[in-house]
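Colleague: Right, I'll just put the structure down here and ask away after.
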Amino acid sequence: MIRKFKLSVVAAHAALAAVMALSVPASGSAAAAKSNAQSSGIQITMNGAEFKPNEAPFVKNGTVFLPLRDMGELLGSVVFWNGSAKTVTMTYPELTVQLNYGTQKATVNGKTKALTDSPRIVKGRIYVPLRFLSETTGADVKWNASKRTVSIKHSQAFVKGTGVDSMFWLNRNTGDLYIAHPYEQKPVRAGKVEGKFEEFVSIHSYIAGSGDMVVTILDNYGEPHVHYAAYGVLVHGNKIVAQKKAKYFQRYEENAVAYMVRDPKSNKSEERLLLTDGKTLSVYDTQGKEIEKYDLPALGGKDETYAVLGAGEDYLVVRPNQTGLLTLINLDDKTTVNLPEKLLKGEDLEYALNNDVPYHGDLLKYLGEESAGGLLVFGYESPFDNEGVKTYTYNRKTGEVAPAAK
């Protein structure tokens, strides 16, 4: 079994799909509005850019109705349906809105607000009056009846990320980080991420068994976008307790965020969480306390910024950003192993040692550690053949290399 520390993308997407599905029982209003929904010809723009919802908006008795699922996603909120209570809840930093199906009232941050019309169900989807969006979310929403266009202007300050049963929002202007875990909970402010967020910002997360989180905020900036700022944030008890920023050039690989150790007294596994600024690696227990700190240039032998691709109680797998050769650091005796020289041969090794396009270094990928035996698993796809990805194991104790078991 290979131990990996990346968030399950499939699980995250499944959670998001469950949030946004809003499947509700069909009603008689669906048939009445179905033809309008199919042929409305209504165009929606968001901050000047055209947006095509999955479900078409429609006009009913002079009121424009928009699909709440699509609008919520567009505005960066979380929307979910409670079938037993027949309520729809939409959450956003500093905003919680609840709609009761069949009424013309909404609850916004605990206060009742009247709607111009009650929500409708069309083809199993919830639709809300256009004015609902402007009055509850702060968006500037305008309807041009002659052109049949809905124009929405809304601040793009928040970047949203999804995790396993969780949602994250980062205010790119202030650095405020909000978390909803589980996702249907009201978002809470975890604290402020210190940094300047420039261009393409994304959020990734890892949730430990203890409930602690490592949130990675990646900013890809510059022209031609070969600069990366990776902010690592440790969240304990829904509060930021530690953070680090690492900067990389040309090559970015996601840093490891956790590994398991076994307590010799209790014989139980414990999790360790990781943050790096590229020069140091800090190890934390599940109480948010720093218990180890490693000097990466001193251990790796090069005065560079490092990516930490794998970690264990007695080893690190790192890559110096400029020279780019994957390196194993044995923490017991502080020795290093040049992994390309162990795993590659011939023209593949020569390529790793001399290549500089698109960056210096090898093309090896660290895949994880087998559960026993001290075996590290690596993947490699040669630029010189069409055989696809090959996997190898490296025995940290003996130095033996072998094809990985399938």
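The values are calculated or read from the model by the stated rules, or taken from the named source; none is laboratory data. Just so it is clear, the structure is predicted and the values come from calculations on it, not from any experiment. Cβ atoms come from the backbone with ideal geometry, glycine included; neighbour counts cover every protein chain shown. Keep in mind that these areas ignore ligands, DNA and RNA; they rest on the heavy atoms of the full protein, side chains included. Shrake-Rupley method; radii C 1.70, N 1.55, O 1.52, S 1.80 Å.
Colleague: Take the residues in segment 76-104 that are within 17 Å of Tyr183 (Cα to Cα) and of a type in the set (S, T, N, Q); name whichever of them is surrounded by the fewest Cβ atoms within 10 Å (Cβ to Cβ).
Modeller: Asn82
Colleague: What are the residues in segment 125-165 that are out of contact with any helix residue (DSSP H, G or I) (no Cβ under 8 Å at 6 or more places or on another chain), part of a strand (DSSP E or B) and either of a type in the set (A, V, I, L, M, F, W, C) or closer than 23 Å to Tyr178 by Cβ (or both), if any? Outline the logic, then answer.
Modeller: Of all residues in segment 125-165, those out of contact with any helix residue (DSSP H, G or I) (no Cβ under 8 Å at 6 or more places or on another chain) come to 129-132, 134-136, 138, 142, 144-149, 151, 153, 155-161.
After this cut, where a residue has to be part of a strand (DSSP E or B) as well, the list is 129, 142, 144, 149, 151, 153, 158-161.
Result: Lys153, Phe158, Val159, Lys160, Gly161.
Colleague: Name every residue in segment 268-304 that is among the acidic types (Asp, Glu), open to solvent by less than 40 Å² (accessible area, probe 1.4 Å) and under 14 Å from Gly209 (Cβ atoms), in order of residue number.
Modeller: Narrowing segment 268-304 to residues among the acidic types (Asp, Glu): 270-271, 277, 285, 290, 292, 295, 303-304.
This time we only want the ones that are open to solvent by less than 40 Å² (accessible area, probe 1.4 Å), so: 271, 285, 304.
Residues satisfying the conditions are Glu271, Asp285.
Colleague: Does Asn47 count as open to solvent by 50 Å² or more (accessible area, probe 1.4 Å), touching a residue at least 60 places away in the same chain (Cβ under 8 Å) and under 17 Å from Ala139 (Cα atoms)?
Modeller: Numbers: open to solvent by 50 Å² or more (accessible area, probe 1.4 Å): yes; touching a residue at least 60 places away in the same chain (Cβ under 8 Å): yes; under 17 Å from Ala139 (Cα atoms): yes.
So Asn47 passes the test.
Colleague: Hey, does segment 248-267 have a residue that's aromatic (Phe, Trp, Tyr), open to solvent by 10 Å² or more (accessible area, probe 1.4 Å) and free of Cβ contacts under 8 Å to residues at least 40 places away in the same chain?
Modeller: For segment 248-267, residues aromatic (Phe, Trp, Tyr), open to solvent by 10 Å² or more (accessible area, probe 1.4 Å) and free of Cβ contacts under 8 Å to residues at least 40 places away in the same chain: absent.
Colleague: Same structure again: Go through (1) more than 29 Å from the chain's Cα centre (by Cα); (2) of a type in the set (Phe, Trp, Tyr); (3) open to solvent by 20 Å² or more (accessible area, probe 1.4 Å); (4) closer than 24 Å to Ala298 by Cα one by one and return the number of the condition Tyr366 breaks.
Modeller: Result: Tyr366 fails condition (1) only.
Colleague: Then there is this: If you go through segment 320-328 one residue at a time, do you hit one that is among the hydrophobic types (A, V, I, L, M, F, W, C), assigned to a loop (DSSP other than H, G, I, E, B) and either touching a residue at least 40 places away in the same chain (Cβ under 8 Å) or more than 24 Å from Phe249 (Cα to Cα) (or both)? Lay out the reasoning, then the answer.
Modeller: Of the residues in segment 320-328, the ones among the hydrophobic types (A, V, I, L, M, F, W, C) are 325-326, 328.
With the extra rule that they be assigned to a loop (DSSP other than H, G, I, E, B), the set shrinks to 325-326.
Add one more test, that the residue is either touching a residue at least 40 places away in the same chain (Cβ under 8 Å) or more than 24 Å from Phe249 (Cα to Cα) (or both), and what stays is 326.
Yes; the residues of segment 320-328 include at least one that is among the hydrophobic types (A, V, I, L, M, F, W, C), assigned to a loop (DSSP other than H, G, I, E, B) and either touching a residue at least 40 places away in the same chain (Cβ under 8 Å) or more than 24 Å from Phe249 (Cα to Cα) (or both).
Colleague: Among the residues of segment 354-404, write down those that are without any contact (Cβ under 8 Å) to a residue 12 or more places away in the chain and in a loop (DSSP other than H, G, I, E, B).
Modeller: Within segment 354-404, Asn355, Asp356, Val357, Ala372, Asp385, Asn386, Glu387, Gly388, Thr398, Glu400 qualify.
Colleague: Hey, among the residues in segment 234-275 that are part of a strand (DSSP E or B) and modelled with pLDDT under 95, which one's nearest to the chain's Cα centre (by Cα)?
Modeller: The first filter runs over segment 234-275 and keeps only residues part of a strand (DSSP E or B), leaving 234-236, 239-249, 258-262, 269-275.
Those left that are additionally modelled with pLDDT under 95: 260-262, 269-270.
Working: Met260: 22, Val261: 26, Arg262: 29, Ser269: 26, Glu270: 24 Å.
Among those residues, the one meeting the criterion is Met260.
Colleague: Out of segment 305-319, which residues are without any contact (Cβ under 8 Å) to a residue 24 or more places away in the chain and either open to solvent by 10 Å² or more (accessible area, probe 1.4 Å) or under 21 Å from Pro264 (Cα atoms) (or both)?
Modeller: Step one: of segment 305-319, the residues without any contact (Cβ under 8 Å) to a residue 24 or more places away in the chain are 314, 318.
Matches in segment 305-319: Asp314 only.
Colleague: Sticking with this structure for a sec: Restricting to segment 57-75, count the residues that are open to solvent by 10 Å² or more (accessible area, probe 1.4 Å), part of a loop (DSSP other than H, G, I, E, B) and modelled with pLDDT of 90 or more.
Modeller: 0
Colleague: Is it the case that segment 87-95 has a residue that's assigned to a helix (DSSP H, G or I) and farther than 19 Å from Phe51 by Cα?
Modeller: There is no residue in segment 87-95 that is assigned to a helix (DSSP H, G or I) and farther than 19 Å from Phe51 by Cα.
Colleague: Next question. Is it the case that Ala106 is assigned to a strand (DSSP E or B) and among the small types (Gly, Ala, Ser)? Step through it out loud before you land on a result.
Modeller: Details: assigned to a strand (DSSP E or B): yes; among the small types (Gly, Ala, Ser): yes.
Here the answer is yes, as Ala106 does meet what is asked.
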